[in-house]
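Just so you know, all these numbers are worked out from the coordinates, no wet-lab data involved. Keep in mind that this is a model prediction, so the values were computed, not measured. Cβ placement follows ideal geometry from the backbone for every residue including glycine, while neighbour counts extend to all protein chains displayed.
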Amino acid sequence: MQFILSFLPFGSLLLMAGFRPAACKLNPVSCRLWTEPQQPGIFMNGDFVIGGVFSIHLYTRSDQITYTSLPPQPQCSGSMDFRELRFARAMEFTIHEINNRTDLLPGIMLGFEIHDSCSAVPMAIKLGFQFANGKDAVFNDSELCVESAAAAVPAVIGDSPSTPSISMARILGLFRIPQVSPYATCACLSDKRQYPAFFRTIPSDHHQAAALARMVKYFGWTWIGAVRSDSDYGNNGMASFLKAAQEEGICVEYSEAYYRTQPRSKLERVANVIRRSTARVVVAFLASGDMRFLLEELARDPPPPLQWIGSETWITDPEFLKFNMCSGAVGFGIPQSVIPGLREFLLELTPAQALKSPLLTEFWERSFSCSLKGQSDFSGSARECDGSEDISALKNPYLDTSQLRITNMVYKATYAIAHAIHSIICKDTQCDKTIKFAPWQILNQLKKVNFTTKNGYRVTFDSNGDPVAVYELINWQIKKDGGLNFVTVGNYDSSKPRGQEFSISRPVNWVGGQTEVPVSVCSESCPPGTRKAVQKGKPICCYDCIPCAEGEISNSTDSLGCERCSPEFWPNTKQDSCLPKPVEFLSWDDTLSIILTAFSVAGAFMAVCVAVVFFKHRTSPIVRANNSELSFLLLFSLTLCFLCSLTFIGRPSEWSCMLRHTAFGITFVLCISCVLGKTIVVLMAFRATLPGSNVMKWFGPPQQRLSVLAFTLIQVLICILWLKISPPFPLKNLMHYKERIILECGLGSAIGFWAVLGYIGLLALLCFVLAFLARKLPDNFNEAKFITFSMLIFSAVWITFIPAYVSSPGKFTVAVEIFAILASSFGMIICIFAPKCFIIVCRPEQNTKKHLMGKVPSKAL
């Protein structure tokens, strides 16, 4: 087993971590660690020692593994992250605060063992095994060393980055040693099947990704770039963000990944992608170290002004405020807080205290560029510290307690573990430090913790070991002196109802200090009246704006489709709203209506005038010879025919539609019946002159009246049936014109309409035939000839009316019908009565019985 571990890469990792190989079973008396344990950077003994891991450095010293000897122990290198050191000292401060309390773990002294993971997986694994194994190099026990091993710590706080936390959680989870991270946000850590002992006081990136996507959508950015750390934190966080962004309709022009240990050529390539992109908004899901390298590379050849969207890892890191290219950056950060007494504790650090800890020694020497031990390994200066150093004069993240965010997460995590221990060893106000407990008991109690810290923050965990997600929207705003400052401009609370989680409370300053929201779209917004059409082979955010089709509108910007207006509405010229279609009918103020009305009234007046002339000369031979009674009835019916055309003008209504068709049908039948009666009278009159003929007694005045009444009653009956079964009704014709409504009278029953017209036509045809037969009867003034002409005109008008009626559009349909009524009426009154009136008025000498009997030669009229 020893041989195998020596020649496997992972075996080397286990050896570096101090793992006890199974070979110890061969010698149960003595189990020995093969490597030296990692010494803590800050340490204090206590009844229960809590482990702490923070990424105070960014690198480990990499030595070549030869596989011929034990691999060298990993050592941290590179610059020191003073902010992470503040996190570590915040844990130290919190434990001192707990030890001074009488209501929490009274009489119990908590200790701590704080390590630097160097933000590296090998070191995190080594520390994970060390927390499980302890630091004793040799174990003497009669039992198997595997069984005798007990966890060195009851719980661990850390690590800050997600990737080392994941590696450590896999080790600690095997031993059910609870791990509470104040800063690891990877959503993957919520999986309790893989990480059963992991908790955190910072929200999961699942919530942050959703919040970032919602914010990007809120500000109207649909074309963005994305860059992430090539780590568990960056890859998982960006995957969640891209999924949420896709649901919000946001397109990503590029998605690049970078990790600080990758070759510089990779960093340059990512920077060039950002410089060449057309997206003006960049979402950066980067760890602080990776973001620093990227910004330094971009500063060499600055790209056009970009709107940066940051994750919580770097958006509140004060070290980045020196990059002016990030002015206007926005992102979600942990809510700021106040921890009373922390700043005073940090300022109490003295050279003597610093010498007790290698981490604090390095901090002191780097901060003051002097050596505490005669020769500094960190400051690069041989000057010894002389005691004049003033720690309060330092301006670095270690002492920046103006906006405590992650520091408060460390504070909450430490208190959570203290409350879990209290639940096991204390009853009321009495605690027993001799009680032995296993780490899994702490794990179970952590699931139940529910308390409020001294600075007023609630601490509880859900079933995934996560807290409620609450963020502040941070904006990097330019101060009066030209520097940058963090300003809280909004909030996000995942516990609120969906759609109400995100809110903005104050104005945001954007890139370059401008107050207007920068634009970042692949295609300009489509105005109302158009719709989006995706460009072939491109993301959905790249589109063309296509005008809506005829009869359709879009009343919003960037509409995906157009909506058809309802049948009675039509789009305006911009096609962004539906307007009521104009209603068209033959109104009284229409020019055509005025002309037709004038002719109608003129015709009726003409009929009345003829009636007056006939009544004045009712005793004259020409009036008496042409059946004056039927003539007056005919003139009355013609007057009604002229006037009934007026019922076709104006807005159609239920009563006007029924009136116009029935009045037209009845008056015309009455008119044609009178003409038919006059024609029959002419024929019968000549037959009565034949020897032995007695026909006139069968067609005297009573029979004439009865025949007119009978013919008219038939039409009345047809009209009654029509109105009873399916009467005409007002109808909105939406089919003839797309852009306007024709208001007309629907026929109701087409059979009824054509029955009315057919009956009129039948009588007109009968009248025409009889008049035609009587046209050459011997008479000096044969009325049959004029009736024939009138019926000929009548028939011609109504025969041409049918195709004209069917093909005429809109209000002209009604005009054609009125014209046919007027034309046929004028034809009858002119053909039948004009010659008689001419003789009565202009040729009175011909208005004699002798002249009518043909005994006086007639002159040409």
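Each of the peptides 474-485, 436-447 was scored by the mean count of other Cβ atoms within 10 Å over its residues; in descending order, highest first, they stand as 436-447, 474-485.
Ordering 65-72, 193-200 by mean Cβ neighbour count within 10 Å, with the highest value first, yields 193-200, 65-72.
If a/c stays under 1.5 just call it rounded; otherwise compare a/b with b/c (prolate if a/b is bigger, oblate if not). Do that for the stretch 56-142, with a ≥ b ≥ c from the square roots of the Cα gyration tensor eigenvalues. Oblate.
Under the rule of -39500 (n - 2.57) per DSSP H run of 4 or more residues, summed and divided by the residues of the chain, what mean residue ellipticity at 222 nm is obtained, to the nearest 500 deg cm²/dmol?
-14000 deg cm²/dmol
Of Y457, Y415, the sequence from fewest to most neighbouring Cβ atoms within 10 angstrom is Y457, Y415. Oblate is the label for the stretch 163-276, because a/c, from the alpha-carbon gyration tensor with a ≥ b ≥ c as root eigenvalues, is 1.5 or above and a/b does not exceed b/c. On the beta carbon distance between D589 and A710, with R0 = 41 Å, the FRET formula returns roughly 0.45. With R₀ set to 45 Å, the beta-carbon distance separating E629 from H736 gives a calculated FRET efficiency near 0.45. Beta bridges from DSSP with both residues in the chain: antiparallel share about 55 percent, rounded to the nearest 5.
Each label point was placed 7 Å from the Cα along the Cα-to-Cβ direction; for R651 and T102 their separation is 9.1 nm. Overall shape: oblate for the stretch 364-515, with the ratio a/c of the largest to smallest alpha carbon gyration tensor axis at 1.5 or above and b/c at least equal to a/b. Dividing the mean sequence gap of close Cα pairs (under 8 Å, 6+ apart) by how many residues the stretch 252-374 holds gives a relative contact order of 17 percent. Translational diffusion of the stretch 530-580, estimated by Stokes-Einstein from the Kirkwood radius over alpha carbon pairs at 37 °C in a medium of 0.692 mPa s, is 288 µm² per second. Simple point charges give the picture: +1 on the Cβ of Lys and Arg, -1 on the Cβ of Asp and Glu, and for the stretch 197-257 a dipole about the Cα centre of about 220 debye. When peptides 169-180, 212-223 are sorted by average Cβ neighbour count within 10 Å, with the highest value leading, the order is 169-180, 212-223.
Averaging sequence separations of C-alpha pairs under 8 Å and six or more residues apart, then dividing by the length of the chain, give the relative contact order as a whole percent. Provide the component values of the computation, followed by the final result.
On the way: 1588 pairs, mean separation 74.1, N = 861.
In percent, rounded to a whole number, it is 9.
Estimated from the Cβ-Cβ distance and a Förster radius of 56 angstrom, the FRET efficiency linking L792 and E563 is about 0.50.
The C-alpha atoms of the chain define a longest principal axis, and helix 811-842 lies at about 20 degrees to it. Based on C-alpha pairs under 8 angstrom that are at least 6 apart in sequence, the stretch 530-580 has a relative contact order of 32 percent.
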